[in-house]
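Below is one structure, written out as structure tokens; the observations come after it.
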Amino acid sequence: MISLLDYGAGNVRSLRNAIAHLGFEVQEIHAPEDILRAEALIFPGVGAFGSAIHSLELQGYLESLREYLAADRPFFGI
């Protein structure tokens with residue numbers, strides 16, 4: 001199962017379709033603690049690092065995301 005962090009950046013619909021096309025189930029992240037439960041995580045972006053970090057922070061995802069990444073768990077950041 002692939003967890004998808006939709007925080008308002010990037011083309012999430014295309015990612016959902018691509019993941020499904022590859023035969024994986026997509027689980028949406030709805031709360032920061034969902035990040036820590038993820039088996040594998042994809043978080044999209046649009047190439048604007050500052051605004052992405054700001055959005056992640058405003059929505060309360062930043063600390064959980066940092067913890068997930070520090071644990072060297074599978075992720076794909078765009």
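Quick notes
- Hits in segment 20-42 (condition: open to solvent by 40 Å² or more (accessible area, probe 1.4 Å) and out of contact with any helix residue (DSSP H, G or I) (no Cβ under 9 Å at 6 or more places or on another chain)): A20, H21, L22, G23, F24, H30, R37, E39
- Selection from segment 45-78 of residues that are touching a helix residue (DSSP H, G or I) at 6+ places or on another chain (Cβ under 9 Å), open to solvent by 70 Å² or more (accessible area, probe 1.4 Å) and of a type in the set (A, V, I, L, M): V46, I78
- Every condition in (1) free of Cβ contacts under 8 Å to residues at least 40 places away in the same chain; (2) over 12 Å from the mean Cα position of the chain (by Cα) is met by Q59 except one, and the failing one is (1).
- Total residues in segment 1-19, condition open to solvent by 60 Å² or more (accessible area, probe 1.4 Å) and farther than 20 Å from G47 by Cα: 2
The values are calculated or read from the model by the stated rules, or taken from the named source; none is laboratory data. Predicted model, so just to flag it, every value in this text is computed and none were measured. Counting neighbours? That spans all protein chains shown, and the Cβs are built from the backbone with ideal geometry, glycine included. For the accessible areas, the whole protein counts, side chains as well, though only heavy atoms, and no ligand, DNA or RNA atoms are used. Shrake-Rupley method; radii C 1.70, N 1.55, O 1.52, S 1.80 Å.
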